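Quick notes on the structure that follows.
The values are calculated or read from the model by the stated rules, or taken from the named source; none is laboratory data. All values reported here derive from a predicted model rather than from experimental measurement. Glycine gets a Cβ as well: all are built from the backbone with ideal geometry, and neighbour counts include every protein chain shown.
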Amino acid sequence: MSIQADRVIAERTAKTIYLAGDCAVKLFDKNYPASAVLSEAQRQALASECGLKAPRVLKVEPDDGRWAIWSEYIPGITLWEAMKNAEDITPLLNNFVDLQMTIHDAELRDLPCLHEFAAHKLASSPLDSVKRYELMNILENMPEEKKVCHCDFVPWNIILKNDNPDDPYLLDWPFASHGNKDADVAQTFLTFNIYGETKLAVDYVKLYAEKSGTYLRGILRWVPVLAACRLASEHLADKKTEYNILEHFAYVSNLKI
Ligand SMILES: Nc1ncnc2c1ncn2[C@@H]1O[C@H](COP(=O)(O)OP(=O)(O)OP(=O)(O)O)[C@@H](O)[C@H]1O
Ligand SMILES: [Mg+2]
């Protein structure tokens, strides 16, 4: 590696994030598809160029056969760390929902279509064919919107710049798409559940519905569809617990919370 790193910020499957001067460098493993790296960088750049608080993309380049995305480094703690340290997370959860509503209403062009992506994933989901057909029908009948959906909107993808709760930056844009904002909310709900944060999942989705004036049942209708889509992901092969949680949600047809 030729990157002059000061330290490792985070290590993930197939990628490592380094601090190098005032840059954050996301270095992907050798076999990581170039198309996925370039697509992630493009979506992040689109977001920051349209005025959303996403770290600016500075360059994307190969480093010893591996792709690296160089971004502006945002100093601070994640919203998740702030939540863990807070006695009462209510104000932070409110900020979280407010930020998500801001993203949904942003003007951002050239994003892929969430509906099409979901249909594609659903088709390769490892569910029995009856269930898959039922969920495909539900997806087809879902209203298609063109809202900005980050699709991985979670507190550990938000940095509070200089620890200031009023200055949040949103990271991690590889799945950002145009779609129905209820689907984006259902994704966050599912992710909280996967991480064992079941109470937070319920508190969050209720707060989102209340603040945005959205019909809660409309959001929950997306949950089995998206759980089934996520079951198609290759990285679940060695993640039995995550697989079981997703399978559970894929089969709940009338989710009540
Ligand atoms: N531009 C940045 N400025 C500051 N910290 C960053 C930046 N990019 C990444 N990080 C840190 O690295 C961590 C992982 O980065 P990121 O979320 O982009 O990686 P990921 O592997 O794609 O995500 P995940 O952890 O959601 O799987 C973040 O939680 C954050 O702490
Ligand atoms: Mg992340």
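Below are the figures for this structure:
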{"item": "Conditions (1) of a type in the set (Gly, Ala, Ser); (2) on the phi > 0 side of the Ramachandran plot; (3) in a helix (DSSP H, G or I); number of the one not met by Ala201", "result": "(2)"}
{"item": "Pairs, first within 16 Å of ligand 2 (Cβ to nearest atom) in the stretch 132-157, second part of a loop (DSSP other than H, G, I, E, B) and not small (Gly, Ala, Ser), C-beta under 7 Å, six or more apart", "result": "His150/Trp173; Cys151/Phe175; Asp152/Asp172; Asp152/Phe175; Asn157/Leu171; Asn157/Asp172"}
{"item": "Only one of Ala250, Ala183, Ala237 that is crowded, with 23+ Cβ neighbours inside 10 Å and under 27 Å from Ala41 (Cβ atoms)", "result": "Ala183"}
{"item": "Selection status of His178, in a strand (DSSP E or B) and at pLDDT 95 or above", "result": "yes"}
{"item": "Selected residue (criterion: farthest from the chain's Cα centre (by Cα)) from residues of the stretch 76-114 that are closer than 25 Å to His178 by Cα and free of Cβ contacts under 8 Å to residues at least 60 places away in the same chain", "result": "Glu107"}
{"item": "2 or more residues under 28 Å from Leu236 (Cβ atoms): qualifying strands (runs of 3 or more DSSP E) within the stretch 1-106", "result": "7-12, 15-20, 23-28, 66-72"}
{"item": "Filtered residues of the stretch 1-14 (kept if in contact with a helix residue (DSSP H, G or I) (Cβ under 9 Å, 6 or more places away or on another chain) and within 12 Å of ligand 2 (Cβ to nearest atom))", "result": "Thr13"}
{"item": "Only listed residue being hydroxyl-bearing (Ser, Thr, Tyr) and either touching a His at 6+ places or on another chain (Cβ under 7 Å) or closer than 24 Å to Arg43 by Cβ (or both), chosen from Tyr133, Tyr169, Tyr215", "result": "Tyr169"}
{"item": "Test result for Ala228, surrounded by 14 or more Cβ atoms within 10 Å (Cβ to Cβ) and not basic (Lys, Arg)", "result": "yes"}
{"item": "Scan of the stretch 47-75 for residues that are in contact (Cβ under 8 Å) with a residue 60 or more places away in the chain, crowded, with 19+ Cβ neighbours inside 10 Å and over 16 Å from the mean Cα position of the chain (by Cα), ordered by number", "result": "Ala68, Ile74"}
{"item": "Residue under evaluation Gly196, criteria (1) within 18 Å of the chain's Cα centre (by Cα); (2) in a helix (DSSP H, G or I); (3) among the small types (Gly, Ala, Ser), criterion not met", "result": "(2)"}
{"item": "Counted residues, the stretch 51-71 - those being more than 24 Å from Asn94 (Cβ to Cβ) and away from ligand 2 (no atom under 16 Å from the Cβ)", "result": "13"}
{"item": "Qualifying position, being under 25 Å from Glu40 (Cβ atoms), in the same structural domain as Ala118 (by TED's automatic domain parsing) and touching a Gly at 6+ places or on another chain (Cβ under 7 Å), among Leu160, Leu139", "result": "Leu160"}
{"item": "Residue tally, condition within 18 Å of Val225 (Cα to Cα) and in a loop (DSSP other than H, G, I, E, B), over the stretch 107-130", "result": "5"}
{"item": "Contacts under 8 angstrom Cβ, first residue in the stretch 16-37 being under 10 Å from Ala5 (Cβ atoms) and in contact (Cβ under 8 Å) with a residue 24 or more places away in the chain, partner among the acidic types (Asp, Glu) and within 9 Å of ligand 1 (Cβ to nearest atom), 6 or more apart", "result": "Cys23/Glu72"}
{"item": "Any chance Leu122 is in contact with a Cys (Cβ under 7 Å, 6 or more places away or on another chain) and within 28 Å of Leu207 (Cβ to Cβ)", "result": "no"}
